[in-house]
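One structure is given here, and the rest of the page talks about it.
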Amino acid sequence: FELEAFPAAFEESLYDASFIVLASALTDSAVEMLSNDATYALHTDIRSIEDDVVFRVNSDGAQVTSTGIAHDVYDMHGPGTGTVWAVGAEGRVLVWDGAWWALQQTPVKRDLKSVWARSEEDVWAAGDAGTILRWNGIVWQKLEAPTQLKDANWRSMDGQFSTIFMLGDEG
């Protein structure tokens with residue numbers, strides 16, 4: 001995840017600073033407020049920032065895993081099958097297959113800020129300057145935004161069944 005205005009390193013006036021991060025993982029029924037199925041992780045006294053890592057939570061607890069990703073990642077999502085997509089700087093899309101991260105080719109160079117995966121054959125990504133992509137299980141295809149939204153900077157997306165919801169601002 002990315003926090004706007006978050007320092008790249010703890011220097012000068014932030015030399016002795018530490019941060020606390022509370023993260024949660026929810027089942028679909030918890031998101032829909034039909035159950036309390038969730039897990040929460042509290043990380044305290046964070047004094048250094050790690051590049052190139054993600055946290056994985058499994059039966060052994062939270063583990064830090066190196067990704068091999070050398071560029072900023074802005075969002076991650078998976079359909080619950082073990083496959084996860086990550087989107088980031090310069091149109092990059094990476095997919096986790098349970099063993100490693102692989103870079104996928106996209107037809108854009110704009111930053112991608114959000115991703116939502118309905119299934120392994122239906123994944124959506126969106127980002128700066130009206131960029132909207134759809135993965136069909138084989139390739140990423142660029143979709144045209146409506147004329148009035150062609151310059152929108154998309155920041156978040158979610159979906160349910162056949163509907164995709166996108167949040168952004170005017171470009």
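The values are calculated or read from the model by the stated rules, or taken from the named source; none is laboratory data. As the structure is a computational prediction, the values presented were derived from the model and not from experiment. Using ideal geometry, Cβ is built from the backbone for each residue, glycine included, and neighbour counts are taken over all protein chains shown. The protein model used for the area step is the full one, side chains on, heavy atoms only, and it has no ligands, DNA or RNA in it. Shrake-Rupley method; radii C 1.70, N 1.55, O 1.52, S 1.80 Å.
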Self-check item: Nitroxide proxy distance, nm - points 7 Å out along Cα→Cβ at SER66 and TRP100
Solution: 1.2
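State, as an integer percentage, the relative contact order of the range 74-150 based on alpha-carbon contacts under 8 Å between residues 6 or more apart.
23
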Quiz item: Applying the Karplus parametrisation 6.51 cos²θ - 1.76 cosθ + 1.60 with θ = phi - 60° to the phi angles of the range 108-117, what ³J(HN,Hα) value in whole Hz is obtained for each residue in order, glycine and proline being reported as x?
Solution: 10, 10, 6, 4, 9, 9, 8, 9, 9, 10
Quiz prompt | Alpha carbon centroid spacing (whole Å) that separates the range 64-80 from the range 95-171 | solution = 15
Self-check item: the range 119-171 - charge dipole about Cα centre, Lys and Arg +1 at Cβ, Asp and Glu -1, debye rounded to 20
Solution: 80
Quiz item: When only the heavy atoms of the protein chains count and the probe is 1.4 Å, how do ARG134, ARG92 rank by accessible area, highest first?
Solution: ARG134, ARG92
Quiz item: Any idea what the relative contact order of the range 108-165 is, in percent, if you count C-alpha pairs under 8 Å spaced at least 6 apart?
Solution: 32
Exercise. Hey, can you grab everything whose amide H is under 5 Å from the amide H of ASP151? Only 5+ residues off in sequence or another chain; H modelled, so Pro and N-termini drop out.
Key: GLY171
Practice problem: Read phi for every residue in the range 131-146 and hand back ³J(HN,Hα) as whole Hz from Karplus 6.51 cos²θ - 1.76 cosθ + 1.60, θ = phi - 60°, with x for Gly and Pro. | Solution: 5, 9, 10, 9, 8, 9, x, 10, 9, 8, 10, 7, 10, 8, 7, x
Self-check item: Segments 149-162, 112-125 sorted - mean Cβ within 10 Å per residue, highest first
Solution: 112-125, 149-162
Quiz item: Taking the Cβ-Cβ separation of LEU34 and GLU121 as r and a Förster radius of 22 Å, what is the calculated FRET efficiency to the nearest 0.05?
Solution: 0.25
